[in-house]
Every structure is written in C-alpha cells, then in structure tokens.
Amino acid sequence: MQVTKNGRKKYLVFMVQVHTNFRRAELESLADLYGINSIDFSKYDDSTPFFYVELENDQQAKDWIKRSILTRAIYEYWGDADTYEELHESIQSQDFFQKNKELYHNDTFKFEFDTYRGNNKSNRIKQIEKFSYLDFKGKINLKNPQQVFTVIEEYKPISENIPGKDPIHLIFGRLIQTGDRLSMDRYDLKKRPYKGTTSFEAELSLVSANIAQVKPGTIMYDPFAGTGSFLTAGGHYGALVIGSDIDGRMIRGKGASANINTNFKFYGESSKFLDVLTMDFTHNSLRSNLVIDTILCDPPYGIRESIKVLGARDPERFAGKENIEIDGKKAFLHRDYIPTKKPYALDSLLDDILQYASERLPINGRLAFWMPTANDENIETIIPLHANLELKYNCVQEFNKWSRRLLVYINRGPTFDGPTNSGAKRSTTVFRDRYFNHFN
Ligand SMILES: C[S@@+](CC[C@H](N)C(=O)[O-])C[C@H]1O[C@@H](n2cnc3c(N)ncnc32)[C@H](O)[C@@H]1O
C-alpha cells in the first residue's frame, strides 16, 4: 500500500467523461455524506476522467464511491507511466512496492484492462505475463477473486471518430470499489413498468439523488411526483419516499398493473414506498410536524404539463358555485369531484418551493430541483434565492438551444441571512412559449 507522509494512501478515481458539470458536485456530496472531509479537490479537473486523491484507508474509498453514478471505479494507486516499459519501472520503484506484494501475495486475483478514448487489440495474456515480478502466489480466479489488478490505458483519438491506436498513458492499480453505474441499466426507463412523457431518465435522476444526499432511513418528498422517477431514485438509495401531484391520473397510473407502487414492487423496493397523493403543492396538506429530510423534484414548466394550482381562473364567475349540491351533498365532497384549477406563474411556484423547503427541511437538509432555461446569450438566467437557503450547486446540462440545471440548496436556517430574490419577476419570457417556438 502507498502511505504518504500524512499517513494516507494515494488512490485514483476513474470517472466517466459525461455530465462533467455534475461530477464534482456528486463526489463532494457523497464525501460529505460519509463524513470524509479531507479530500483535496483543488486538482479535480472536468477535462479528464482521472482524479488522484489521498484517503485514510480503503473503507473510506469504498464508502465514498459505492453510490457514485459518474464514477467507474476507485483504485489503490500502484504506478503510472507513458509506456509499458516505464510502467513496470514505476511500479517497482514505489517505496510501497515490497509491502504491497507481501500483502496480496497469497490472495486469489485476476487482471483487467480498461481503456479511455481508444482500444487495444494487443495480446493481453502476454502483457499480463510481463507483471510476473509481482510474484503473486494466489490462484487466478476470474469469477470471484479477492483482488482485481487493473491497467488503465489512456489514448489520444486520431480524430473525433477514429480512436487512438497506442496508449499515451498507463495507470496500474488495485480495484477498491466500482461506482453504481449498473443501476443505470436496472432503472432504465425502457424496462420500467410505469412511465410517461414526463419520466426523468435514470442516470441523472440517480445523480440528483446523490447530490441531494438522499440518505437511507430518512424521508424524501417529491411534490411534483408525476410518474415517480425521483421517488424511484430516492428509494434506491434507501430513503422512505412520499410523492404528490396535482394530476390524479399520474398518481393513479394505468391501473393496478402500472403505477408508481408497481414500479417499487418491480425493483423489490416496496418497503421504501410510503405513498403518493393527489394534491396541489401550493395547498399542501402534509402535517407541519412531519420531518422531511430531503426534497427532490422536477417542477412543471408547462412543456408536457401545465403549471396549475387549485382555484378559479375567474373568481367572479365561480362565485357561489362552491355551494352546489349533488344528491344532497356538496359537489366538492364527492369522491369523483374534479376541482377547478387556474394557471400559476413559474416564478411564484419556485418561490413557494424555496419557502416550503426553508420551513420543512431540517438544518443542513437539502432541496434539489431541476429548472430549464433558454440559452440566449444576452439574457441572464436568474436563479431563485431564499434568505435561509444556501445555493450549493447549479449544475447545467446543455442541449442545443436550451439547457436545464439542477439547483441544490442547503437549509441553513434563519440566521443564515443570505441574498433573496423572492417575489421578483425573474423569468423574462415563458419557457413553454420559447420551447414551442424553437427558441426563435
Ligand atoms: C415535470 S413533471 C414531473 C415529472 C416527474 N418527475 C416524473 O417522473 O414523471 C411536473 C409535474 O408537476 C405536476 N404539477 C403541476 N402543477 C402542480 C401543482 N400545483 N402541485 C403539484 N403538482 C403539480 C404535473 O402534473 C406534473 O406531473
């Protein structure tokens, strides 16, 4: 093992080179969640998938990375160089080399190769044989080895479509922990029993849950649950989830075989599903002493669903209608009563979410939600702010003419006294209109 002067070991985090705007936020949030506060992020770089860190021990590395969606794996560092010849020299010249050899001397093991921006057709067996100086005496076990030793080959592509032929850099390490990328396949929308046009893709909903620090055994609430994509992600990370939506059709789903609950059964996570209810978020009926640890959502922006709240668009015309009775019972008390709704401004709805989070989240609890914006160069995007909430992350996912961002806030309480723009008109145009006009 490599022990640095401060008693810590060197590790390599090998990340995916996608959603780079979200990677650091995910790594920082998971480190914070597990109380690992000694990681030096000053060397973190969005332009490379490699991030070298020092940690106290393997357990810290495991805790930190096991939930990460944007990390392929974390390795104990053994050496690196630009050619294979130099790599072998690098490994043998490390002051921890002898100790490492002894530690894993009798363990079952296997070798793996991973590549970045290229592919290699060389004879891997011959390459592995060149590591014979490691002198491992344990048996090779391809299925369930105690140790996995990995060579990561980095290439420089010849052009955008032609991968490089020879590696430009090599890193050798012992696998400590893979990230949670397999869950992207497990929660893939294509395989999900209940989904709809508003369903949020698996990868970024899981990343959102990580950045929101959804924790096992705590309560997570999605006030705009729709088909329950974020509830599913929260359940995966062990939270007990509650959702609500103004549209009862979303909550009821497509009958007994396809609804949010059946998704939880499908994933074998029914015990994480508390319930969902039809409710206007702005007329919230969750009791005020219910502890909500995390709020994670994708509010309506009027693209596939409208922004509506309970109420009459024209209160004068509606006056007195609340007294109408059917079969001797007030109309609105019947089970199949559909209440009137009126349009609502996005700015007001976002103000409401921030206010609700400030009142309902515990101190240091997180609110995370998605907000779309048009990519006009000359229009500043104004992020909603609340005096009690610290805006921790603003991670942007760019599309062609628009983008959406994950805004993450931490409830710091009334003493925080941060900047606020509550009540201000922040959006200059209605996103829905711009979207359907192709942002012209
Ligand atoms: C962008 S969608 C969320 C989709 C959801 N993440 C999913 O997985 O399907 C926004 C949702 O907010 C709901 N909604 C609109 N106005 C609402 C309100 N005032 N209160 C609660 N839900 C509302 C819509 O019915 C819609 O399902």
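The values are calculated or read from the model by the stated rules, or taken from the named source; none is laboratory data. Predicted model only: the values in this text are computed from it and were never measured. Reconstructed Cβ throughout: ideal geometry from the backbone, glycine too, with neighbour counts over all protein chains shown.
Pairs meeting the criteria (first residue in the stretch 76-101 and more than 12 Å from K9 (Cβ to Cβ), second residue of a type in the set (V, I, T) and surrounded by 15 or more Cβ atoms within 10 Å (Cβ to Cβ), beta carbons under 6 Å, at least 6 apart or on different chains) are G79/I91; D80/I171. Looking only at the stretch 136-169, residues that are at pLDDT below 95 and more than 18 Å from D82 (Cα to Cα) come to 4 in all. Scanning the stretch 204-245 for residues that are within 11 Å of the ligand (Cβ to nearest atom), closer than 21 Å to L30 by Cβ and not in a helix (DSSP H, G or I) returns a single hit, D222. Here K265 clears all of (1) crowded, with 17+ Cβ neighbours inside 10 Å; (2) away from the ligand (no atom under 14 Å from the Cβ) except the condition numbered (1). Looking across G365, G302, G311, one residue alone is within 19 Å of D222 (Cα to Cα) and within 13 Å of the ligand (Cβ to nearest atom). It is G302.
Rundown of residues vs (1) surrounded by 18 or more Cβ atoms within 10 Å (Cβ to Cβ); (2) farther than 20 Å from T198 by Cα, yes/no style:
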position	(1), (2)
H236	yes, no
A239	yes, yes
I246	yes, no
M279	yes, no
L290	no, yes
D293	yes, yes
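Which of the residues that make up the stretch 229-257 are among the hydrophobic types (A, V, I, L, M, F, W, C) and within 18 Å of A202 (Cα to Cα)? Listed by number, the residues that qualify are F230, L231, A233, A239, V241. When the stretch 391-419 is filtered for residues that are of a type in the set (D, E, K, R), surrounded by 15 or more Cβ atoms within 10 Å (Cβ to Cβ) and part of a strand (DSSP E or B), the ones remaining, listed by number, are K392, R404, R405.
Listed here are the residues, each with its yes/no results for (1) away from the ligand (no atom under 16 Å from the Cβ); (2) in a strand (DSSP E or B); (3) closer than 26 Å to F22 by Cβ.
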| residue | (1), (2), (3) |
| --- | --- |
| D336 | yes, no, no |
| K342 | no, yes, no |
| P372 | no, yes, yes |
| T381 | yes, no, yes |
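Listed here are the residues, each with its yes/no results for (1) within 16 Å of the ligand (Cβ to nearest atom); (2) among the aromatic types (F, W, Y); (3) under 30 Å from P300 (Cβ atoms).
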{"position": "I128", "(1), (2), (3)": "no, no, no"}
{"position": "D135", "(1), (2), (3)": "no, no, no"}
{"position": "K156", "(1), (2), (3)": "no, no, no"}
{"position": "S159", "(1), (2), (3)": "no, no, no"}
{"position": "P163", "(1), (2), (3)": "no, no, no"}
{"position": "K190", "(1), (2), (3)": "yes, no, yes"}
{"position": "Y194", "(1), (2), (3)": "yes, yes, yes"}
{"position": "T197", "(1), (2), (3)": "yes, no, yes"}
{"position": "A202", "(1), (2), (3)": "yes, no, yes"}
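Restricting attention to the stretch 285-299, the residues that are outside any strand (DSSP E or B) and more than 9 Å from the ligand (Cβ to nearest atom) add up to 9. On the stretch given as the stretch 197-243, residues that are of a type in the set (D, E) and touching a residue at least 60 places away in the same chain (Cβ under 8 Å) total 2. Could you say whether any residue in the stretch 64-84 is outside any strand (DSSP E or B), within 22 Å of the chain's Cα centre (by Cα) and surrounded by fewer than 17 Cβ atoms within 10 Å (Cβ to Cβ)? There is at least one residue in the stretch 64-84 that is outside any strand (DSSP E or B), within 22 Å of the chain's Cα centre (by Cα) and surrounded by fewer than 17 Cβ atoms within 10 Å (Cβ to Cβ).
Examine the stretch 357-375 for a residue that is of a type in the set (D, E, K, R) and modelled with pLDDT under 90, and state whether such a residue exists. The answer is no; no qualifying residue exists.
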